[in-house]
Amino acid sequence: MSIRFANTGDRERIIEIYNQAVETGVSTADLSPATVESRSGWFATHTEESYPIYVEEMGTDLTGWCSLSPYRPGSMALRYTAEISYYVSHEYQRQSKPPSFDEWERHRYRSF
């Protein structure tokens, strides 16, 4: 298992995993499936330097992803606060080893 920054080639799989949550009605408030095009603005605001998206891979399969996003954008009191979102593909959920995104995030962003 490895974790890395997402790249543009990951977008379709990220959306596919996200839409699994949309279909089940769990973990998201969206009611309609997303597309890469409909989320292009969201992808544009997530860079390695600002609000990154990470993906987890097992071999060549992208198994899940997490992202940092602004928490209540526009609220100056919360400008240094970020929301973290995790999504794991259905076929990799409930396995014995949980995703390691959280540990990686804490290590990378300790200085915030």
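The values are calculated or read from the model by the stated rules, or taken from the named source; none is laboratory data. These numbers come from a predicted model, not from an experiment. Neighbour counts run over all protein chains shown; Cβ positions are idealised from the backbone, glycine included.
Inspect segment 28-36 for any residue being of a type in the set (Gly, Ala, Ser), in contact with a helix residue (DSSP H, G or I) (Cβ under 9 Å, 6 or more places away or on another chain) and surrounded by fewer than 13 Cβ atoms within 10 Å (Cβ to Cβ) and give the result as yes or no. Working first, answer last.
The initial filter retains those residues of segment 28-36 that are of a type in the set (Gly, Ala, Ser), namely 29, 32, 34.
Going one step further and asking which of them are in contact with a helix residue (DSSP H, G or I) (Cβ under 9 Å, 6 or more places away or on another chain), we end up with 32, 34.
Checking which are surrounded by fewer than 13 Cβ atoms within 10 Å (Cβ to Cβ) leaves us with 32.
Yes, the conditions are met somewhere in segment 28-36.
For segment 82-92, does any single residue satisfy the condition of being exposed (fewer than 15 other Cβ atoms within 10 Å of the Cβ) and in contact (Cβ under 8 Å) with a residue 60 or more places away in the chain?
Looking through segment 82-92, at least one residue is exposed (fewer than 15 other Cβ atoms within 10 Å of the Cβ) and in contact (Cβ under 8 Å) with a residue 60 or more places away in the chain.
Please return the ranges of strands (runs of 3 or more DSSP E) entirely within segment 49-91 where 3 or more residues are among the small types (Gly, Ala, Ser) and at positive phi.
In segment 49-91, there are no strands (runs of 3 or more DSSP E) which contain 3 or more residues that are among the small types (Gly, Ala, Ser) and at positive phi.
Could we say that Leu68 is modelled with pLDDT of 95 or more and in contact with a helix residue (DSSP H, G or I) (Cβ under 8 Å, 6 or more places away or on another chain) here?
When the stated conditions are applied, Leu68 does not pass them.
Look through segment 41-79, keep the residues that are touching a strand residue (DSSP E or B) at 6+ places or on another chain (Cβ under 7 Å) and among the small types (Gly, Ala, Ser), and return whichever of them is surrounded by the fewest Cβ atoms within 10 Å (Cβ to Cβ).
Out of the qualifying residues, it is Ser69.
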